[in-house]
Amino acid sequence: MRQDRDTPFNPDQPTLVITYGNTTRKHRPLDRDVIVLGRSPSCDLHLMGAEVAPIHCLLLRCPGGGWSVRHFGGRIGTLINGKPMQEAIVDHDDTLQIGSFSFKFHLPVPFRRPGTPCATPPESVEANHLRRSRRNLARLALNLRHRFHETAAELARAQKQLDQQEQDLDALRASTRSRQEALDVLRAKRETEEQDLLVRCQALDQEKATLADGLRFAEAALARQRDRAARRVAASAEEAQRATYAAPRPVSPSARPNSPGRAARSLCSATGSALTAKGRLPKTTATVSPRCRSCAIGWR
């Protein structure tokens, strides 16, 4: 029998009470017009047993208010109060036996009236055809019910997976949002650093231009100073040369014309006199120095 939770027993409701059999529910309320008993999981009463057919029997509510049992299939058959029956109206405390399972009908007083038997077609080819058609329809209904339950379970699993995927997607959205915010902060920081670097580069360029201008000015000033110094040196040399060639040569009566010492001493005296006149040498250098400064010839 299907492993469902047992419902409380209501004495005012028609109930099928399980008296023998390996089941978890000890009673089944008769709350439908048709109740299917069998081994198939889609049956209203799921009975696990080798002698139980997939669809063993039906419990039908009769128009008069009673209940009837109709055998549907199975080798052993359906027993009512110990007798095999194809279809019979049951009353209070009647026993229903299916294989190793035994049941008892609990019918309250309003449901104990002998109900009108359900219309039973005559035993004929048409009746057999209708019975087979009814059996096929019952099997089809059970298969559809089974497929419906499977589809509902698959839909529940799919909905659960969809909910899980939605939760994962929400977490991924939150993570992406946080990463985007961190990326925006890094981008703003990089833009600020780029602006600072641009300002520094501009300052360095200005400083470089200033230093280049100063260097060019210093090089021009140095060139001008070099030119002035060179001109001064050239002018001094020219003046010294002019003074040397323009000074008169003193001739002594006792000097020998062909004496080289006297000629050198005369030239050195003239050179010293010219330099002394220009203020380049002291007066004693041209007359007293024991060695000539221009020709490096010693004399006494």
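The values are calculated or read from the model by the stated rules, or taken from the named source; none is laboratory data. Just so we're clear, the structure is a prediction, and the values are computed from it rather than from any experiment. Reconstructed Cβ throughout: ideal geometry from the backbone, glycine too, with neighbour counts over all protein chains shown. SASA here: full protein model, heavy atoms, side chains in, ligands and nucleic acids out. Shrake-Rupley method; radii C 1.70, N 1.55, O 1.52, S 1.80 Å.
Averaged over residues, the count of other Cβ atoms within 10 Å places the peptides 84-96, 49-61, 192-204 in the sequence 49-61, 84-96, 192-204, highest first.
Listed values for segment 85-95 are Karplus-derived 3J(HN,Hα) couplings in whole Hz (6.51 cos²θ - 1.76 cosθ + 1.60, θ = phi - 60°), namely 9, 7, 7, 7, 8, 9, 10, 4, 6, 6, 9, and x replaces Gly and Pro.
With the Cα gyration tensor of segment 1-76 giving a ≥ b ≥ c as the square roots of its eigenvalues, does the rule (a/c under 1.5 for rounded; else a/b larger than b/c for prolate; else oblate) give rounded, prolate or oblate?
Verdict is oblate for segment 1-76.
The loop-placed chymotrypsin sites (Phe, Trp or Tyr not before Pro) in segment 1-77, going by DSSP, that have at most 13 neighbouring Cβ atoms within 10 Å of their Cβ come out as Phe9. A Förster radius of 45 Å, combined with the Cβ-Cβ distance separating Asp227 from Leu197, puts the computed FRET efficiency at roughly 0.50.
Amide H to amide H distances under 5 Å link Val90 with Trp67, Ser68, Val69, where only residues 5 or more positions off or on other chains count and H is placed in the peptide plane. Near the amide H of Thr19, within less than 5 Å, lie the amide hydrogens of Ser102, Phe103, Lys104, all on another chain or at least 5 residues away, with H placed in the peptide plane. Of the accessible area of segment 125-224, computed with a 1.4 Å probe over protein heavy atoms only, carbon and sulfur atoms account for 58 percent.
Backbone amide hydrogens, once placed in the peptide plane, bring His56 within less than 5 Å of Leu37, Gly38, Arg39, excluding anything fewer than 5 places away on its chain. The phi-based Karplus calculation (6.51 cos²θ - 1.76 cosθ + 1.60; θ = phi - 60°) puts the 3J(HN,Hα) values of segment 18-24 at 7, 9, 8, x, 7, 9, 9 Hz, whole numbers, x for Gly and Pro. Take segment 19-91 with all the other protein chains still there, run a 1.4 Å probe, and you get 45 Å² of accessible area per residue.
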